[in-house]
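Colleague: Mind having a look at this structure? Questions to follow.
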Amino acid sequence: MVHVVPADLQAVVAVKKKAQPSRSWVLLDSTGETTVLDVDKYAIMHRVNIHARDLRILDPLLSYPSTILGRDGAIVLNLEHIKAIITSEEVLLRDPSDENVVPVVQELRRRLPPANVIRQGQDYTNGQNDVEGDEDESPFEFRALEVALESICSFLAARTLELETAAYPALDELTSQISSRNLDRVRKLKSAMTRLTARVQKVRDELEQLLDDDDDMADLYLSRKLAGTSPVSGSGAANWYPASPTIGSKISRASRASIATVRGDENDVEELEMLLEAYFMQIDGTLNKLTTLREYIDDTEDYINIQLDNHRNQLIQLELFLSSGTVCLSIYSLVTAIFGMNIPYTWNDNHGYMFKWVVIVSGIFSAILFVLIMSYARVKSLVGS
């Protein structure tokens, strides 16, 4: 028997497959080599030795705030579109085909040293200058973290600049001409600004939380942890280099800078603190720009409300003018109607001139009443202002 799958069912299956998160990861090691991996989460957990709850933070289908977590052998990084796992010798980035992730991969490859440079560095046995240079170089995880922070700060700053470029002219145009088109345009820009402000605020809060806790910053020293678990001899640093070239380069270039710290103060987080403070100031500057834009929008709204109140007051004055004129004309019409009725009165005989005087007096009275009403309204408006 042949089963025919309906077309709509095929569409549903295609949508479900499309909704599933991508399993693609790009791996960059300490030599700058790039490898694309198509593996499930269990393979990633086994490779970097993290828990499922930490990997769940990087799931694009789940909404998690910006997070930088330090684990035993990895840093779990979730900053906007950058979802990465950083170890002491490699970086795993999710969704390498994403247009926002591609520049991060290129920058990581540019920042990481080529393989031949590392091999040349390992061949020096008496190179005093090489040892000093390695000691001055930041660990691998800090360089990778710096690239991620720099990328996300630049990305948010670029989005802020685009918003400013579109918002300020729109606000100026709205102040000069209040129309439905301009109001709808500013409404959309304000909504975009609110969403962008929330994104920038999350990144800033995460960096601030890290800076406020030295223990959390100490957890990000992966090379220090690796150096602390490696066998250290009292004669020197010769036993710090295993036979494996990969691990040897890892310790010689990334961990050697932390040996002095391990031997001295293990709670020294000055290097990472300086790194985080630099990008905290940058993201804080972006947030200040958004705050300034919000204040400008609020000032524009206040100015528009003042204009609308002014137009409303002018309409109220016009309505008062018309109402006062209508009342005065009604009084004049009432008097003339009473004396103009075609009813025989005995007292009206030979007294026709009285009708003329009554009409004249009622007209003068109506005019004086209109002037008094308008003067009273003007005085009240001046006292109220």
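Colleague: If you go through segment 155-192, how many residues are farther than 16 Å from residue 285 by Cβ, of a type in the set (Val, Ile, Thr) and surrounded by 18 or more Cβ atoms within 10 Å (Cβ to Cβ)?
Modeller: Of the residues in segment 155-192, 1 are farther than 16 Å from residue 285 by Cβ, of a type in the set (Val, Ile, Thr) and surrounded by 18 or more Cβ atoms within 10 Å (Cβ to Cβ).
Colleague: Here's a follow-up. If a residue has to be assigned to a strand (DSSP E or B) and either closer than 17 Å to residue 146 by Cβ or over 19 Å from the mean Cα position of the chain (by Cα) (or both) to count, how many in segment 49-82 make the cut?
Modeller: 9
Each reported figure results from applying straightforward, stated rules to the coordinates on display, with no laboratory input. Because the structure is a prediction, the values reported are computed rather than measured. All Cβ positions, glycine included, derive from the backbone under ideal geometry; neighbour counts span all protein chains shown.
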